[in-house]
Amino acid sequence: MPFEITDDFLDNLSELIAKDHSKEITALFEDVHFADIAEVLDELDFDEAIYIIKLLDSEKTSEILTELEDDIREKILDNLSAKEIADEIGEMDSDDAADIIGELSIERQRRVINELEDDELAADIKELLSYDDNTAGALMAKELVKVYETWTVAGCMRRIRGQAKEVTRVHSIYVVDKDDKLVGRLSLKDLIIAKSDQKIADISKDSVDSVNVNEDDEEIAKIMAKYDLEAIPVVDDNNVLVGRITIDDIVDVIRDEADKDYQMAAGFSQDVEANDTIWELTKARLPWLILALFGGFVSVSVLGSFDEAMEKYPELFFFTPLIAAMAGNVGVQSSAIIVQGLANDSLRGSLFRRLLKEILQGLLNGFVLAALLMSAGMLFLGFPLDLGITVAASLVSVIVIASIIGTFIPIILAKRGVDPALATGPFITTSNDILGILIYFSIAKLVLGF
């Protein structure tokens, strides 16, 4: 049953903290999962959160720190000494420890690493911090189980017991040669059922998926999702095994990327959260709002250039918001499908066939919507035939062109190394709004002859 954080629970906990009832608090959290405790700390006052972090043992609080919101964890780390932080990360896997230390200033990183009692962990953290962000090297953990291809099954069983103690979960056993180069993998099942005198090389599988230490984390996510992997080994340029990446880290990558794309599509220029300051939220929103304002100014300028048409056919004005809105909506729909295909690597076929498909579906949608609009305008609003034809032809044209633009822009952005999610935000909406108005009045000028 999920742990429920109620107001009564928080009030009781605050009262226990105020009275310094440490034993009762420790007992209260004894059987509570660290992720649930992290949620509790997010709800408490900062001083109360610090109290609990310093009260509970490092084995539990080390896990809690990895689950906390970034801003809460940053404040907690600022209030812990280098020795206290070292005690916490000493209980973590190397990848989590490197992530935590990476949030500190360079000087504090050095002091915390110097306080670590485990020299091997300190060396692993230094190595992980040396890799560029968003690469396999920065994402991987050093803890893994590896065996040499020349070992016998009996010798292997003895040696991997010590390695397995340092690994939270053993997904696969990696097989290396005498130079530590990855040559295969070994399942626990195959190891258990094999004869004790068999060589590892005889029972291991030669085919093993791996990624280079400099591989982008989004590409790793695609590989692990495609092949349904729980873990994947990481190798350097010489194919030497240097670490492994597990599915829990990839889930974090996918979630972070989805959050970033969603915010970009909504018109945020940087990653923000609801709890961020007003200034941070304003900085994230303002650039796109300025773009929208500029786009609106351009739209007004376009409308102003057709003032003669507005005077002669004032009915045209009533359909202007509709045409602009349809252009923006269709463009966003088309770009969203392409961005999704680019994200999950499912976009197939030539660009010409993709373009033809968008034109055909744009025509189909356009004719259906135009027929409905023209019929409603002429039957219920009494518009003349030439005005109905103008609006209908404009709607079809706008939908087709917006579909094409919505298809091309994310593909072009992706080819130029720009996040294609940009194409689902205000950028494409604003540009299609302007284009829709221009097309509408150009067709009106052609049909109505003003």
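One residue alone among D47, D8 is part of a helix (DSSP H, G or I), closer than 19 Å to L80 by Cα and not hydrophobic (A, V, I, L, M, F, W, C), and that residue is D47. Restricting the search to helices (runs of 4 or more DSSP H) fully inside segment 105-150 and requiring at least 3 residues that are surrounded by fewer than 17 Cβ atoms within 10 Å (Cβ to Cβ) gives 106-115, 119-129. Only one of the listed residues (S62, S58) is of a type in the set (G, A, S), surrounded by 13 or more Cβ atoms within 10 Å (Cβ to Cβ), at pLDDT below 85 and under 30 Å from the mean Cα position of the chain (by Cα). That residue is S58. A single member of R169, R158 is without any contact (Cβ under 8 Å) to a residue 12 or more places away in the chain, out of contact with any Cys (no Cβ under 7 Å at 6 or more places or on another chain) and not aliphatic (A, V, I, L, M), and it is R158. Only one entry in S301, S334 is part of a helix (DSSP H, G or I), in contact with a helix residue (DSSP H, G or I) (Cβ under 8 Å, 6 or more places away or on another chain) and more than 17 Å from A370 (Cβ to Cβ), namely S334. Check whether at least one residue in segment 232-250 is charged (D, E, K, R), under 22 Å from E149 (Cα atoms) and open to solvent by 50 Å² or more (accessible area, probe 1.4 Å), and report yes or no. Yes - at least one qualifying residue is present in segment 232-250. Residues in segment 172-206 that are farther than 17 Å from R158 by Cβ and over 37 Å from the mean Cα position of the chain (by Cα): K178, I193, A201, D202. Among the residues making up segment 217-229, those that are out of contact with any strand residue (DSSP E or B) (no Cβ under 7 Å at 6 or more places or on another chain) and of a type outside the set (F, W, Y) are E218, E219, A221, K222, A225, K226, D228, L229.
Take the conditions over 29 Å from D252 (Cα atoms) and either in contact with a Ser or Thr (Cβ under 8 Å, 6 or more places away or on another chain) or surrounded by fewer than 16 Cβ atoms within 10 Å (Cβ to Cβ) (or both) and apply them to I192. Does it pass? Considered against the rule, which asks whether it is over 29 Å from D252 (Cα atoms) and either in contact with a Ser or Thr (Cβ under 8 Å, 6 or more places away or on another chain) or surrounded by fewer than 16 Cβ atoms within 10 Å (Cβ to Cβ) (or both), I192 comes out as yes.
Hey, any hits in segment 98-114 for a residue that's among the charged types (D, E, K, R) and within 22 Å of V251 (Cβ to Cβ)? Yes, that holds for at least one residue.
Residue-by-condition table, conditions (1) touching a Ser or Thr at 6+ places or on another chain (Cβ under 9 Å); (2) open to solvent by 50 Å² or more (accessible area, probe 1.4 Å); (3) among the β-branched types (V, I, T); (4) modelled with pLDDT of 80 or more:
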residue	(1), (2), (3), (4)
F317	no, yes, no, no
A343	no, yes, no, no
F352	no, yes, no, no
F367	no, yes, no, yes
M378	no, yes, no, no
V398	no, no, yes, yes
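The single condition from (1) farther than 26 Å from L68 by Cβ; (2) modelled with pLDDT of 80 or more that A221 fails is (1).
Residues are listed down the side, and each one gets a yes or a no for (1) in contact with a His (Cβ under 7 Å, 6 or more places away or on another chain); (2) modelled with pLDDT of 75 or more; (3) under 30 Å from E219 (Cα atoms); (4) of a type outside the set (K, R):
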{"site": "S335", "(1), (2), (3), (4)": "no, yes, yes, yes"}
{"site": "L355", "(1), (2), (3), (4)": "no, yes, yes, yes"}
{"site": "L364", "(1), (2), (3), (4)": "no, yes, no, yes"}
{"site": "A371", "(1), (2), (3), (4)": "no, yes, no, yes"}
{"site": "L381", "(1), (2), (3), (4)": "no, no, no, yes"}
{"site": "I409", "(1), (2), (3), (4)": "no, yes, yes, yes"}
{"site": "L422", "(1), (2), (3), (4)": "no, no, yes, yes"}
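Beta carbons closer than 6 Å, at least 6 apart along the sequence or on distinct chains, pair a first residue in segment 124-138 that is over 12 Å from I101 (Cα atoms) and of a type in the set (F, W, Y) with a second that is part of a helix (DSSP H, G or I) and open to solvent by less than 50 Å² (accessible area, probe 1.4 Å) for Y131/G137; Y131/A138. For segment 151-183, filtered to residues that are under 20 Å from M224 (Cβ atoms) and at pLDDT below 85, the residue that is least open to solvent (accessible area, probe 1.4 Å) is V167.
Could you list, in sequence order, all residues of segment 226-245 that are part of a strand (DSSP E or B) and either farther than 10 Å from V211 by Cα or touching a residue at least 40 places away in the same chain (Cβ under 8 Å) (or both)? Matches in segment 226-245: A231, P233, V234, V235, V240, L241, V242, G243, R244, I245. Can you say whether I53 is modelled with pLDDT of 90 or more, surrounded by 13 or more Cβ atoms within 10 Å (Cβ to Cβ) and assigned to a helix (DSSP H, G or I), as far as the supplied structure shows? Spelling it out, I53 is indeed modelled with pLDDT of 90 or more, surrounded by 13 or more Cβ atoms within 10 Å (Cβ to Cβ) and assigned to a helix (DSSP H, G or I). No other residue among S22, S58 is hydroxyl-bearing (S, T, Y) and more than 30 Å from D256 (Cβ to Cβ) apart from S22.
Within the span defined as segment 256-266, every residue fails to be of a type in the set (D, E, K, R), at pLDDT below 75 and part of a loop (DSSP other than H, G, I, E, B).
From the list E30, E84, the lone residue that is of a type outside the set (K, R) and outside any helix (DSSP H, G or I) is E30.
Being of a type outside the set (A, V, I, L, M), open to solvent by less than 20 Å² (accessible area, probe 1.4 Å), assigned to a helix (DSSP H, G or I) and under 15 Å from T320 (Cα atoms) holds for only one residue in G406, G388, and it is G388.
The values are calculated or read from the model by the stated rules, or taken from the named source; none is laboratory data. The model shown is predicted, which means the values in this text are computed figures rather than measured ones. As a convention, Cβ positions derive from the backbone with ideal geometry for all residues, glycine included, and neighbour counts pool all protein chains shown. In case anyone asks, the SASA skips ligands and DNA or RNA and just uses the protein heavy atoms, side chains included. Shrake-Rupley method; radii C 1.70, N 1.55, O 1.52, S 1.80 Å.
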